[in-house]
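The values are calculated or read from the model by the stated rules, or taken from the named source; none is laboratory data. If you're wondering where the values come from, they're calculated on a predicted model, not measured in any experiment. Positions of Cβ are generated from backbone atoms using ideal geometry, with glycine treated the same way; all protein chains shown enter the neighbour counts.
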Amino acid sequence: MIQQLINRYKRMCTERYLNETYSCQYAFVGMGQHSLTNLYPVLHYLQVPLKYICVTSERKSRLIERKFKGTTATTRLDDILNDRDVKGVLVAASPNVHFTLASRVLQSGKSLFIEKPPCQSVVQLRELIAMQQSSGSRVAMVGLQQRYAPAVQILKKRLKSQRLLNYDLHYLTGAYPEGNALLDLYIHPLDLATWLFGKAEIVSYLEIDQQSCILMLRHQHIVGTIELSTSHSWQDAQQSLTVHTSSGTYRLNQCTELSFVPKQPVIAGIPMEKIRPRHQSVEYLYRHDGFSPILAGSSIYTDGFFQEVTTFVNAVEGKRANILTDLQSVEPTLKLIEEIKG
């Protein structure tokens with residue numbers, strides 16, 4: 001009996017996956033290490049019809065057609081924009097050309113998924129918003145995958161019912177000589193803060209050196225400090241968030257573990273833990289053990305890449321989709337980045 005139930009469950013999971021099909025045609029602009037590692041695998045798993053891959057190198061385009069059977073490689077964006085069969089375009093190119101590429105895709109009326117940063121300023125972001133509205137593009141999403149991460153989703157839901165006190169956020173990596181750390185890297189922790197806690201005002205800014213700084217931010221219902229640095233190590237890169245509430249403390253480590261420690265009781269101003277010490281209880285709200293060889297156990301899933309790409313494709317196809325990263329929602333993050341720039 002138990003084995004029959006197990007077999008039935010497995011069969012239902014397989015059939016559910018096989019029933020998820022996509023009829024629209026898509027194109028991808030760019031082929032860097034990030035997209036190859038985190039975005040292309042999702043498209044392959046979903047079996048999304050990828051008609052074009054656009055790159056700048058003729059040599060790379062020839063290699064692409066050997067590797068990606070049935071996909072047309074091109075160095076001309078116009079080939080994609082002039083093809084009426086292509087409904088959605090995913091862009092993950094050099095950040096300094098994102099605004100130009102996003103503008104052209106939106107003006108063509110096609111749906112857009114643009115990796116972060118979508119542009120270089122709030123002014124450019126508002127231009128993209130206006131382009132989407134005037135062209136009638138169905139979807140315009142920004143690649144800020146942490147909003148889709150399961151642990152972050154749980155944390156956001158839990159914080160809605162809490163009285164918030166303060167938070168500490170640390171984002172520490174190694175050197176980043178190939179780009180703009182503020183727009184390319186720090187956008188992730190800054191977006192996490194504005195998405196969880198709302199618009200932010202900079203209370204203080206301390207630059208430790210050219211690679212590190214500490215911010216104090218004030219939101220509507222909470223204050224927090226953020227440490228940003230590229231003077232550490234890529235082999236031991238860290239992102240951690242601690243949120244103190246009136247009922248206890250939440251700790252988010254990367255996007256792989258979320259825990260909650262209840263606050264110890266205080267009676268008449270007296271901390272009971274001093275009178276009768278007890279072992280501190282820890283509730284794990286989300287934990288990735290790295291053991292189970294399933295989709296939900298992969299970093300692509302825990303970091304939110306799978307959910308964001310699936311959301312984009314479902315939205316283009318007219319299926320149910322909860323878009324968390326539309327263009328308008330990114331404005332508080334870009335405003336904060338502009339204030340940090342000075």
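Only one of (1) part of a helix (DSSP H, G or I); (2) more than 23 Å from the chain's Cα centre (by Cα); (3) not assigned by TED's automatic domain parsing to the domain that holds residue 87 fails for residue 183. Which number is that?
(2)
Within the group 113, 99, which residue is touching a residue at least 12 places away in the same chain (Cβ under 8 Å), in the same structural domain as residue 36 (by TED's automatic domain parsing) and touching a Pro at 6+ places or on another chain (Cβ under 9 Å)?
99
From 79, 83, which residue is within 20 Å of residue 31 (Cβ to Cβ), part of a loop (DSSP other than H, G, I, E, B) and at pLDDT 95 or above?
83
With the structure loaded, tell me whether residue 56 is of a type in the set (Ser, Thr, Tyr) and either crowded, with 18+ Cβ neighbours inside 10 Å or under 29 Å from residue 121 (Cβ atoms) (or both) or whether it fails that test. Can you show your working first?
Numbers: of a type in the set (Ser, Thr, Tyr): yes; either crowded, with 18+ Cβ neighbours inside 10 Å or under 29 Å from residue 121 (Cβ atoms) (or both): yes.
Against the criterion (of a type in the set (Ser, Thr, Tyr) and either crowded, with 18+ Cβ neighbours inside 10 Å or under 29 Å from residue 121 (Cβ atoms) (or both)), residue 56 qualifies.
When you go through 39, 63 one by one, which is the residue that is among the aliphatic types (A, V, I, L, M) and either buried (at least 18 other Cβ atoms within 10 Å of the Cβ) or touching a strand residue (DSSP E or B) at 6+ places or on another chain (Cβ under 7 Å) (or both)?
That would be 39, the only listed residue that is among the aliphatic types (A, V, I, L, M) and either buried (at least 18 other Cβ atoms within 10 Å of the Cβ) or touching a strand residue (DSSP E or B) at 6+ places or on another chain (Cβ under 7 Å) (or both).
What residue, among those in the stretch 205-219 that are modelled with pLDDT under 95 and part of a loop (DSSP other than H, G, I, E, B), is nearest to the chain's Cα centre (by Cα)?
So, considering only residues that are modelled with pLDDT under 95 and part of a loop (DSSP other than H, G, I, E, B), the one nearest to the chain's Cα centre (by Cα) is 211.
Answer yes or no: is there a residue in the stretch 20-27 that is in contact (Cβ under 8 Å) with a residue 12 or more places away in the chain and closer than 26 Å to residue 179 by Cβ.
Yes, there is a match, as at least one residue in the stretch 20-27 is in contact (Cβ under 8 Å) with a residue 12 or more places away in the chain and closer than 26 Å to residue 179 by Cβ.
Over 21 Å from the mean Cα position of the chain (by Cα) and outside the structural domain of residue 42 (by TED's automatic domain parsing) - does that describe any residue in the stretch 150-157? Spell out how you get there, then give the answer.
We begin by selecting, within the stretch 150-157, every residue over 21 Å from the mean Cα position of the chain (by Cα); these are none.
Checked the stretch 150-157: no residue is over 21 Å from the mean Cα position of the chain (by Cα) and outside the structural domain of residue 42 (by TED's automatic domain parsing).
Provide a single number: the residues in the stretch 291-317 that are surrounded by fewer than 13 Cβ atoms within 10 Å (Cβ to Cβ) and either touching a residue at least 40 places away in the same chain (Cβ under 8 Å) or of a type in the set (A, V, I, L, M) (or both).
Of the residues in the stretch 291-317, 3 are surrounded by fewer than 13 Cβ atoms within 10 Å (Cβ to Cβ) and either touching a residue at least 40 places away in the same chain (Cβ under 8 Å) or of a type in the set (A, V, I, L, M) (or both).
For residue 21, work out the one condition from (1) among the β-branched types (Val, Ile, Thr); (2) within 15 Å of residue 113 (Cα to Cα); (3) part of a loop (DSSP other than H, G, I, E, B) it doesn't fulfil.
With (1) among the β-branched types (Val, Ile, Thr); (2) within 15 Å of residue 113 (Cα to Cα); (3) part of a loop (DSSP other than H, G, I, E, B) applied to residue 21, the lone miss is (2).
Return the residues of the stretch 61-95 that are under 24 Å from residue 135 (Cα atoms) and either more than 21 Å from the chain's Cα centre (by Cα) or without any contact (Cβ under 8 Å) to a residue 60 or more places away in the chain (or both); say none if nothing qualifies.
76, 77, 78, 79, 80, 81, 82, 83, 84, 85, 86, 87
Please go through the stretch 285-317 and pick out each residue that is touching a helix residue (DSSP H, G or I) at 6+ places or on another chain (Cβ under 7 Å) and among the aliphatic types (A, V, I, L, M).
Those that are touching a helix residue (DSSP H, G or I) at 6+ places or on another chain (Cβ under 7 Å) and among the aliphatic types (A, V, I, L, M): 285, 295, 300, 309, 313.
Residue check: is residue 99 of a type in the set (Phe, Trp, Tyr) and part of a helix (DSSP H, G or I)?
yes
Among the residues of the stretch 243-266, write down those that are within 19 Å of the chain's Cα centre (by Cα), under 20 Å from residue 194 (Cα atoms) and assigned to a strand (DSSP E or B).
251, 252, 253, 258
Can you tell me how many residues in the stretch 220-230 are within 23 Å of the chain's Cα centre (by Cα) and surrounded by fewer than 16 Cβ atoms within 10 Å (Cβ to Cβ)?
0
Give the residues of the stretch 152-179 that are in contact (Cβ under 8 Å) with a residue 12 or more places away in the chain, acidic (Asp, Glu) and either exposed (fewer than 13 other Cβ atoms within 10 Å of the Cβ) or in a loop (DSSP other than H, G, I, E, B) (or both), sorted by residue number.
Across the stretch 152-179, there are no qualifying residues.
Scan 261, 282, 266, 223 and give me the residue that is at pLDDT 95 or above and not acidic (Asp, Glu).
After applying the criteria, what remains is 223.
Just to be sure before I move on: is residue 238 surrounded by 13 or more Cβ atoms within 10 Å (Cβ to Cβ) and polar (S, T, N, Q) in the structure I sent?
Answer is yes for this residue.
Quick check on the stretch 232-245: of everything there that is modelled with pLDDT of 95 or more and among the hydroxyl-bearing types (Ser, Thr, Tyr), which residue is farthest from residue 178 (Cα to Cα)?
Restricting to residues being modelled with pLDDT of 95 or more and among the hydroxyl-bearing types (Ser, Thr, Tyr), the top hit is 245.
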